[in-house]
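Peer 1: One structure coming up, written as structure tokens, with questions to follow.
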Amino acid sequence: MNLTPRTLGALLLTGLALPALAPAPALAAPAAFREGHTAAEIGRFLTRFYGDHGPSAHDRRHHVSQVLKDRQKENAGSDVLLCVQERPQDIGVGPVTVAQSAGVGWATVTTHWGGDRTDTFTAYVRLDTRPIRVDDVICAG
């Protein structure tokens with residue numbers, strides 16, 4: 001093969017162009033966008049939050065919305081997080097429903113009392129709060 005200046009130039013240009021045509025190195029994929037807390041996360045939180053007899057003082061300070069804290073100040077004779085005046089014997093948290101479009105999840109919470117007596121209320125959690133917290137409680141009756 002006899003290299004002339006023209007073929008040598010073409011050969012050099014081809015060699016220089018190859019790296020530019022090579023695929024770019026793969027970039028790390030961005031972290032998946034997080035819509036908010038899942039039903040499983042809310043269920044674990046509410047079960048821990050309410051425990052067997054009601055939320056701890058720490059949970060009442062750090063995992064409750066300001067609206068509920070203000071409501072508790074206005075209703076000193078009743079526990080707005082439990083919809084009662086006394087401490088239940090046991091607490092159970094039902095299945096969690098999540099409404100992404102509304103940005104909220106909720107579950108029915110059942111308080112158990114002596115003589116097989118029970119009462120229920122609904123606890124609401126906003127999906128976008130960090131840390132997770134109880135945003136509202138609606139008493140059944």
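The values are calculated or read from the model by the stated rules, or taken from the named source; none is laboratory data. None of these values were measured; they are calculated from a predicted model. Ideal geometry is used to build each Cβ from the backbone, glycine not excepted, and the neighbour counts take in all protein chains shown.
Peer 1: When the residues of the range 96-141 are narrowed to those that are of a type outside the set (V, I, T) and under 16 Å from R48 (Cβ atoms), which ends up surrounded by the fewest Cβ atoms within 10 Å (Cβ to Cβ)?
Peer 2: Per the criteria, the residue is P131.
Peer 1: Counting only residues that are among the basic types (K, R) and in contact (Cβ under 8 Å) with a residue 12 or more places away in the chain, which one in the range 56-92 is farthest from G43 (Cα to Cα)?
Peer 2: R87
Peer 1: Moving on. Checking S65 against (1) touching a strand residue (DSSP E or B) at 6+ places or on another chain (Cβ under 7 Å); (2) modelled with pLDDT under 95; (3) not aliphatic (A, V, I, L, M): exactly one of these is not met. Which one?
Peer 2: It is condition (2) that S65 fails.
Peer 1: Given the conditions (1) modelled with pLDDT under 95; (2) farther than 30 Å from R117 by Cβ; (3) surrounded by 11 or more Cβ atoms within 10 Å (Cβ to Cβ), which single one is not true for L27?
Peer 2: (3)
To keep it simple, each residue is scored yes or no on (1) under 25 Å from L127 (Cβ atoms); (2) at pLDDT 95 or above.
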| site | (1), (2) |
| --- | --- |
| L8 | no, no |
| P23 | no, no |
| A32 | yes, no |
| Y50 | yes, yes |
| Q72 | yes, yes |
| V80 | yes, yes |
| G94 | yes, yes |
